[in-house]
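Input: a single structure, listed below in structure tokens.
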């Protein structure tokens with residue numbers, strides 16, 4: 001019933017304790033999450049290393065996964081350890097050397113009132129081969145568009161959780177940016193500062209200082225973001241966590257996205273459509289080319305996730321002990 005054209009090498013997925021064929025349909029169309037977005041998820045990557053495939057920062061992802069579920073008042077039927085083992089089993093079953101991993105907890109079939117009183121929580125886990133989220137532009141640099149809609153505010157929802165329903169805003173804005181010929185969207189927050197991309201954190205570099213923002217600026221503080229901040233400190237790069245104005249973004253020497261899917265993707269141009277009307281003024285970031293600090297961090301990150309930097313081996317969970 002379902003082919004895996006967009007999910008290379010995905011043959012099996014895990015659902016409620018069983019490995020099932022990828023083409024098997026087993027979720028009812030009246031499931032609560034399908035109608036109201038009552039789900040939580042993680043995006044995780046496994047990488048090929050000299051010791052075999054290994055998952056990047058699995059414990060941190062599991063912590064956030066359970067935190068997100070608690071935010072949605074879910075009674076999770078599995079422990080973090082159970083979920084981690086299930087993830088490993090999916091990698092093994094699909095014989096993947098590297099993979100993008102998607103665990104999803106959702107309120108399933110039971111009732112369709114807004115409150116899922118009679119809808120049990122189910123867990124599904126998929127994994128497949130997935131390259132750079134923004135394709136070849138990941139290395140060359142992307143042109144982003146500041147959309148007119150403001151990011152969901154931290155006073156409205158807990159921004160430390162990955163809630164499925166929130167991502168409809170990301171889908172709408174990402175589609176808008178691409179329909180206008182840009183590579184990705186960027187959100188401002190209600191204060192008018194730069195928040196994040198649809199699924200990415202944003203860093204800028206000015207005069208050698210690496211800057212990003214935090215949850216008070218209506219962003220999800222990503223696990224990749226935390227890794228980059230730690231690595232930058234280890235390399236002697238000065239870091240700053242503070243609000244990021246549009247002007248600081250436009251006048252930066254360098255800028256890049258970070259995230260599990262996107263990894264590190266340089267931003268070299270930005271067009272401002274935040275008012276929703278009039279001319280969309282375009283700005284070059286620095287020299288409109290990938291900067292030295294971005295290149296340095298991107299290479300170090302790639303070496304770390306691939307097990308080539310001993311200092312960061314603690315971030316890797318091997319699939320095969």
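Listing for the model above:
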{"read-out": "Projected area, mean over directions - the chain, Cα convex hull, nm²", "value": "16.4"}
{"read-out": "Square roots of 5 times each gyration tensor eigenvalue, C-alpha, the stretch 82-227, largest first, Å", "value": "29, 23, 16"}
{"read-out": "Largest-first principal axis extents, alpha carbons of the stretch 240-284, Å", "value": "34, 23, 17"}
{"read-out": "Cα pair distances exceeding 24 angstrom across the stretch 175-285, given as percent", "value": "19"}
{"read-out": "log10 of Debye I(q)/I(0), alpha-carbon scatterers only, for the stretch 219-261 at 0.22 Å⁻¹", "value": "-0.94"}
{"read-out": "Average projection area in nm² (convex hull over Cα atoms of the stretch 167-213, one quarter of hull surface)", "value": "4.0"}
{"read-out": "Cα-Cα P(r), the stretch 1-55, percent of pairs per 10 Å interval", "value": "17, 36, 37, 8, 1"}
{"read-out": "Two-decimal Rg/Rh across the stretch 12-128, once Rg and the Kirkwood Rh are taken from alpha-carbon atoms", "value": "0.99"}
{"read-out": "Cα centroid of the stretch 257-321 to Cα centroid of the stretch 161-238, whole Å", "value": "10"}
{"read-out": "Distance between the stretch 32-58 and the stretch 90-152 - C-alpha centres, whole angstrom", "value": "7"}
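Laboratory data are not the source of any read-out in this text; all were calculated from the coordinates shown. The structure displayed is predicted, hence computed values, not measured ones.
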